[in-house]
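Undergrad: My questions will all concern the structure given below.
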Amino acid sequence: MEIHITTSYAKKIKVWRVPTGTQQWGKRKLICEESGFKTDWICVWKYDKDDTIHDHFVVEVFGEDWRIQDSINATRRHSKNHPQ
């Protein structure tokens with residue numbers, strides 16, 4: 001799965017996979033972390049047939065002296081060579 005992020009010259013991004021339900025932030029998993037001053041980012045998460053993507057995906061964007069966090073909706077689409 002590719003997550004495309006467009007920012008205003010952030011210095012770092014983090015993408016978290018968070019289980020659904022309440023009070024689940026402590027069970028999150030970091031699936032992508034990138035650094036560098038740029039505006040376009042791509043996070044690639046490789047999953048297998050046993051993984052679910054019915055979780056929340058939270059993007060954190062860091063600037064020089066600021067941080068923004070937001071959740072995103074994901075749509076599952078397999079490539080033609082995907083085993084599922």
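Undergrad: Find the residue count for segment 38-58, including only residues that are surrounded by 11 or more Cβ atoms within 10 Å (Cβ to Cβ), touching a residue at least 12 places away in the same chain (Cβ under 8 Å) and outside any strand (DSSP E or B).
TA: 4
Undergrad: Mind counting the residues in segment 15-28 that are surrounded by 11 or more Cβ atoms within 10 Å (Cβ to Cβ), of a type outside the set (A, V, I, L, M, F, W, C) and either at pLDDT below 90 or in contact with a strand residue (DSSP E or B) (Cβ under 6 Å, 6 or more places away or on another chain) (or both)?
TA: Of the residues in segment 15-28, 4 are surrounded by 11 or more Cβ atoms within 10 Å (Cβ to Cβ), of a type outside the set (A, V, I, L, M, F, W, C) and either at pLDDT below 90 or in contact with a strand residue (DSSP E or B) (Cβ under 6 Å, 6 or more places away or on another chain) (or both).
Undergrad: Being touching a strand residue (DSSP E or B) at 6+ places or on another chain (Cβ under 8 Å), of a type in the set (S, T, Y) and either at pLDDT below 85 or in a helix (DSSP H, G or I) (or both) is true for just one of S71, S35. Which residue is that?
TA: Every option except S71 fails the conditions.
Undergrad: Under 8 Å by Cβ, and 6 or more places apart or on different chains, what pairs join a residue from segment 1-30 that is assigned to a loop (DSSP other than H, G, I, E, B) with one that is aliphatic (A, V, I, L, M) and open to solvent by 30 Å² or more (accessible area, probe 1.4 Å)?
TA: M1/V44; M1/A74
The values are calculated or read from the model by the stated rules, or taken from the named source; none is laboratory data. What you see is a predicted model; the values in this text were computed from it and never measured. So basically every Cβ, Gly included, is an ideal-geometry build from the backbone, and we count neighbours across all protein chains shown. Surface areas here come from the heavy atoms of the whole protein model, side chains and all, with no ligands, DNA or RNA. Shrake-Rupley method; radii C 1.70, N 1.55, O 1.52, S 1.80 Å.
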